[in-house]
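To start, the structure under review is shown below, and the notes come after it.
The values are calculated or read from the model by the stated rules, or taken from the named source; none is laboratory data. What you are looking at is a predicted structure, and each value in this text was computed from that prediction instead of being measured. All Cβ positions, even for glycine, are placed from backbone atoms using ideal geometry, and neighbour counts span all protein chains on display.
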Amino acid sequence: MKDSLLNDKFFSRLETLAFNLKSHLLGYFGGKHLVSTYGQTVEFADFREYQLGDDIRRIDWNLFSRFEKYFIKLFTDERQMHVQIFVDCSASMGKDNPEKAAYAIAAAAALGFLAVHNMDKVSFHIMKGNTTENPFGTIVGKNAFFRAVGQLEDLVFDGESDIEKCITSCPETGNNNGLTVIISDFFTNSDWKKAVDYLCYKKRQVMLLQPLTPAEVEPTFDGRVNLIDSESLDLVDEKNMKIRITRSAQSAYREALKDFYADIRTFAKKRGVDYITVNTEDPIEKVLFGELLKVGMIS
């Protein structure tokens, strides 16, 4: 990755953090996440009365001597989760905004590192058109992770991405076994909300990460300009227009952006989904050490 965003010092700081995933997720055996079910760890959790078929080696004989009833010891269960990171590679995410593309890739890499550092699986899903690609497969361990990260910089951001179709047609979504992160500006005509509903149906924990450039957050254009949709293949597309930008137009844009934020935030809250919007002008550390801590995603 580029030194300006991710380097050895940055990754070493990430080693102090861990994902806080929901305890009711099932996951796979052999991880570090405590779940609500009982398992085979050495950490004591509770007692319950002995039932036919229970392992008699778990009977607590001290309790039997006191109550003349058989009780068995229950221990906590730790599971490995699958963190899936879907990256929107449409033109609005990087064709004319290389800083946004670099930011999205850096955020994906950082989240992936948090996963493998905490013994979780991770996979990067590249969304283009109506399909998603998983070029690196399911990654386990830091060696495989760093090999994949070295190729993320080569991603090409162009065209459109149908987030709904990309995610709902992905055969590797899984069920109740981890976290799905969608990295996108959500400047799309596709019904991405259906993709989130699909992930919630699959009992995935979901996080939306929305990177926006300073020009998108607070545009400084003035006078007559040509607005060209970066995802339009035809220059005469009706999305393209000539417009005179005035103070009233800038004010209307700010209000529309507020409504845009509010709509996503309201939708996410109703679904129990975490939503983070970031300015690419801010250091990537602010996302991980600030925003993710704020929503309780990491500790």
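Residue count for segment 110-124 satisfying the condition of being among the hydrophobic types (A, V, I, L, M, F, W, C), closer than 18 Å to residue 172 by Cα and not in a helix (DSSP H, G or I): 2.
Hey, among the residues in segment 136-151 that are in contact with a strand residue (DSSP E or B) (Cβ under 8 Å, 6 or more places away or on another chain) and not in a loop (DSSP other than H, G, I, E, B), which one's surrounded by the fewest Cβ atoms within 10 Å (Cβ to Cβ)? Within segment 136-151, the match that is surrounded by the fewest Cβ atoms within 10 Å (Cβ to Cβ) is 148. Screening segment 170-214 for residues that are in contact with a Ser or Thr (Cβ under 8 Å, 6 or more places away or on another chain) and of a type in the set (Gly, Ala, Ser) and picking the one that is modelled with the lowest pLDDT gives 190.
If only residues of segment 215-227 that are of a type outside the set (Val, Ile, Thr) and either at pLDDT 95 or above or within 21 Å of residue 106 (Cα to Cα) (or both) are counted, the one that is surrounded by the most Cβ atoms within 10 Å (Cβ to Cβ) is 216. Could you check, for segment 157-165, whether at least one of its residues is out of contact with any Ser or Thr (no Cβ under 8 Å at 6 or more places or on another chain) and at pLDDT 90 or above? No: segment 157-165 contains no residue that is out of contact with any Ser or Thr (no Cβ under 8 Å at 6 or more places or on another chain) and at pLDDT 90 or above.
Scoring residue 200 on the criteria (1) surrounded by fewer than 19 Cβ atoms within 10 Å (Cβ to Cβ); (2) touching a strand residue (DSSP E or B) at 6+ places or on another chain (Cβ under 7 Å); (3) in a loop (DSSP other than H, G, I, E, B) leaves a single failure, condition (3).
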